[in-house]
Structure formats: structure tokens, C-alpha cells
Amino acid sequence: MLLSLRKTQSKADVEPLLTLARELGYRTRFLDAGRHVLELVREDGSVGAPSDRSRIEELAVVKQVLDASDAPELTEARGATQPTVVRVGWAVFGGGQVSLIAGPCAVEELEDLVLVAHAVKRAGATLLRGGAFKPRTSPHSFQGLGREGLARLVAAREEVGLEFVTEVLDPRDVPLVADAADMLQVGSRSMSNAPLLREVGESGRPVLLKRGLAATVRELLLAAEYVLATGNPNVVLCERGVRGFDGVTRNLLDVGAVAHLATATHLPVVVDPSHAAGRSELVAPLALAGLAAGADGLIVEVHPSPGRVHSDGAQALSPSAFEELARDVRALARLRGKTLAVPRPEVPPVYEVEETAP
Ligand code: PEP
Ligand code: MN
């Protein structure tokens with residue numbers, strides 16, 4: 001660990017840092033004559049506990065931790081040969097595999113949900129998305145169908161054979177949602193909710209963790225660290241755009257963060273071009289930009305009749321636009337040396353053959 005120390009430090013300011021570092025098992029060495037850059041190396045060559053960095057960072061004399069990567073310990077890249085590969089049903093994220101998640105913003109009519117699920121699966125999606133518990137900015141907006149929404153997702157999975165990811169907002173709902181869903185989504189507005197992160201981690205379900213509206217990459221990784229610390233290794237990060245100063249897109253898709261994360265962490269990263277774009281005509285270009293930057297998948301909102309939905313209709317792709325995007329994704333993935341995971345094959349219906357007397 002490399003530390004930058006504050007300029008106005010006296011010997012007495014630095015002493016507690018040196019003492020703590022030694023207590024934690026680090027050898028210390030100043031790298032400059034002014035004693036502003038301090039290197040900490042573990043005596044036994046080990047990595048050290050995940051809590052070391054935060055304990056050291058809290059000391060007033062420490063200005064910044066200057067590591068080559070800004071990833072906290074549990075999420076830090078372990079070298080190109082050891083990426084985390086997260087599997088959910090037929091979806092595979094990471095390790096050279098790209099997967100498509102698609103579906104409506106919120107679960108509404110069951111017929112629409114099943115229609116979308118069939119369409120996106122046919123196009124190549126390996127996971128269905130749809131919110132039953134919706135995190136709306138206004139308390140007066142549609143909040144989702146709750147339990148009934150979960151029941152419709154379960155029904156669509158049965159009918160279509162497509163696993164699903166859905167958001168859980170409240171730590172108290174985690175057992176209920178984890179019982180039904182194949183993957184749990186922690187949305188942007190919940191990224192820093194530590195009790196929720198612990199609870200979804202404990203559930204043992206794979207977790208899709210979306211970056212907060214104004215969260216730094218390090219804060220996103222620290223949120224993932226909460227889940228990993230429970231012993232649940234299956235976390236997929238999601239870049240969905242951050243607050244920008246311009247209104248031409250709903251959010252500012254941070255493709256730089258996607259490129260950075262591809263080397264800074266072993267966790268897979270997906271891009272949500274829908275919430276970044278806010279308008280359907282911008283979804284495909286942003287999706288492809290995300291993949292070009294190194295994403296391991298996409299989560300895209302799709303609806304056949306965006307005009308009659310209660311949330312995010314303007315950014316929904318039609319099933320045929322999604323099909324077109326999936327074709328481009330397949331080609332771009334190949335160009336990047338990756339492969340698009342394929343959906344569960346359709347099982348042909350078994351017809352009862354009536355025995356007829358010879
Ligand atoms: C969503 O996925 O529908 C959603 C609400 O996303 P976000 O948390 O990124 O706003
Ligand atoms: Mn949405």
C-alpha cells in the first residue's frame with residue numbers, strides 16, 4: 001500500500017500511523033526525502049485484511065491511498081487468469097462470456113411480460129428483467145405490483161423457460177424476493193444501503209449491483225465489498241450512467257469506468273444503456289459503446305407497447321429493435337474475442353400419441 005501524507009505533518013502526527021501499520025503487520029518505508037510518500041509492505045508478503053486500508057485511511061495524517069488500482073481488497077483484480085464468472089440459469093457473465101438481460105422496466109400485464117420474455121429469449125437474451133418493487137423518485141409514481149409482480153415473473157419463467165433478475169428494495173423483503181428470483185438487483189438508489197447489501201449477500205443469490213446516481217467507482221466497489229464480505233462471490237457490477245450536467249441523455253454513461261473496471265476488478269461488469277439514454281433511439285449506440293469498453297453483458301428495457309406502461313416507456317426498445325441490437329452484440333462480442341451466452345434450448349412439446357388398435 002502506498003500512502004500520500006499531508007504536507008503539514010510533524011513527527012508526532014506520523015507516529016500513530018507508523019505504530020498502527022506495524023501493529024497490522026506492515027513494514028514501513030518513506031520513499032521521498034520530504035517524508036510525504038510512505039510505502040507499507042506486509043512483513044510476511046500476504047495481502048492483509050480488507051479492513052486495514054480503511055483503518056489507515058481514517059488517520060488525519062493520511063491524505064490519500066495511492067494504489068495502482070483503486071479497488072478495495074475483495075474486489076481487486078487477481079490477474080487476467082482469475083476473473084469471477086457469474087452464472088444465472090443460462091446466463092454467464094465474465095471469463096470471455098457476454099450475456100443479455102432484457103425485459104420491461106416494471107412488471108405490469110402478465111400477457112405483455114410473457115410476450116416480451118418470449119421475444120427477448122428468441123433474440124438471444126439469457127435473463128429476463130422486470131421490477132416488482134420499484135424504486136421511484138416520487139412517492140406518487142407507480143411503485144410496482146410487489147408480491148403480485150413476483151408471482152407474474154415466476155409464471156413467465158415457467159411459461160418461457162427464462163430465469164429472471166428483479167430488484168429488492170427493503171432488507172426485510174430479501175427472503176421473499178430471493179425465494180422467487182434467480183438473481184437479486186440492488187438498484188442505484190440503494191447502492192449504499194449497507195443492511196440491504198449484507199442481506200442480499202447472505203441470501204446466497206447472485207447479485208446485480210447498480211452504480212449509485214452520483215457514486216464514485218470506488219464507492220461502487222466498496223458496496224460490492226459488502227456483499228463479498230458475506231462470503232457470496234457472485235456479484236455483477238452495473239454501470240447505468242451517473243448524474244451529468246447536460247440533459248441530452250437521462251444520465252451520463254461512464255464508459256471510462258467500464259474500461260477501468262475491466263482491469264481493476266475480477267468482478268464482471270454489465271452496462272445498462274436504457275437508464276443512461278432515457279430515449280429508445282440512443283439505447284443501441286450506448287449499449288455497443290459499453291461492450292466496446294469491455295462490458296460482460298447488457299441489461300436492456302424492452303416493451304411491445306411502451307405507450308401504455310407506468311414507468312420508463314420512453315427508453316424501452318421494441319422487441320424487433322432488441323433483436324437487431326442482439327445481432328450487433330453478437331458480432332461485436334466476437335470482435336472482442338468474447339462469445340454471447342445462448343438461451344436454454346426450446347424443448348419441443350411432447351404430444352400424446354393415441355394408441356390405435358392394429
Ligand atoms: C431499473 O433497473 O429499473 C432501475 C430502477 O434502475 P436504476 O436503479 O439504475 O435507476
Ligand atoms: Mn427502469
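The values are calculated or read from the model by the stated rules, or taken from the named source; none is laboratory data. As the structure is a computational prediction, the values presented were derived from the model and not from experiment. Here the Cβ is made from the backbone with ideal geometry for all residues, glycine too, and neighbour counts use every protein chain on show. Remember, those area values only see protein heavy atoms, side chains included, never the ligands or the DNA or RNA. Shrake-Rupley method; radii C 1.70, N 1.55, O 1.52, S 1.80 Å.
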Checked segment 272-289 for anything within 15 Å of ligand 1 (Cβ to nearest atom) and either open to solvent by 10 Å² or more (accessible area, probe 1.4 Å) or under 24 Å from residue 81 (Cβ atoms) (or both); matches are 275, 278, 280, 286
In this structure, does residue 307 turn out to be assigned to a loop (DSSP other than H, G, I, E, B) and either at positive phi or without any contact (Cβ under 8 Å) to a residue 40 or more places away in the chain (or both)? no
Among (1) among the aliphatic types (A, V, I, L, M); (2) touching a helix residue (DSSP H, G or I) at 6+ places or on another chain (Cβ under 7 Å); (3) open to solvent by 60 Å² or more (accessible area, probe 1.4 Å), which single condition is residue 1 missing? (3)
What are the residues in segment 97-133 that are over 19 Å from residue 287 (Cβ atoms), part of a loop (DSSP other than H, G, I, E, B) and in contact with a strand residue (DSSP E or B) (Cβ under 9 Å, 6 or more places away or on another chain), if any? 107, 132, 133
Tally, over segment 256-277, of residues that are away from ligand 2 (no atom under 16 Å from the Cβ) and either among the small types (Gly, Ala, Ser) or more than 14 Å from the chain's Cα centre (by Cα) (or both): 7
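Check 123, 156 and return the single one that is open to solvent by less than 40 Å² (accessible area, probe 1.4 Å), touching a Leu at 6+ places or on another chain (Cβ under 6 Å), more than 12 Å from ligand 1 (Cβ to nearest atom) and of a type outside the set (Ser, Thr, Tyr).
Sole residue among the options that is open to solvent by less than 40 Å² (accessible area, probe 1.4 Å), touching a Leu at 6+ places or on another chain (Cβ under 6 Å), more than 12 Å from ligand 1 (Cβ to nearest atom) and of a type outside the set (Ser, Thr, Tyr): 156.
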May I ask you to list the residues in segment 326-346 that are surrounded by fewer than 17 Cβ atoms within 10 Å (Cβ to Cβ), in contact (Cβ under 8 Å) with a residue 24 or more places away in the chain, at negative phi and assigned to a loop (DSSP other than H, G, I, E, B)? 336, 342, 344, 346
Being more than 16 Å from ligand 2 (Cβ to nearest atom), open to solvent by 50 Å² or more (accessible area, probe 1.4 Å) and small (Gly, Ala, Ser) is the filter here; which residues of segment 300-325 pass it? 320
Would you pick out the residues in segment 247-269 that are open to solvent by 10 Å² or more (accessible area, probe 1.4 Å), touching a Pro at 6+ places or on another chain (Cβ under 8 Å) and of a type outside the set (A, V, I, L, M)? 266
Complete set of residues in segment 27-48 that are touching a Lys or Arg at 6+ places or on another chain (Cβ under 9 Å) and either outside the structural domain of residue 13 (by TED's automatic domain parsing) or not charged (D, E, K, R) (or both): 28, 34, 36, 38, 40, 41, 48
Residue satisfying all of: in segment 20-57; within 28 Å of the chain's Cα centre (by Cα) and in a loop (DSSP other than H, G, I, E, B); modelled with the highest pLDDT among these: 49
What do you reckon, is residue 95 within 16 Å of ligand 2 (Cβ to nearest atom) and either more than 16 Å from the chain's Cα centre (by Cα) or within 29 Å of residue 326 (Cα to Cα) (or both)? no
Those residues of segment 139-150 that are in contact (Cβ under 8 Å) with a residue 24 or more places away in the chain and either assigned to a loop (DSSP other than H, G, I, E, B) or open to solvent by less than 50 Å² (accessible area, probe 1.4 Å) (or both) come to a total of 6
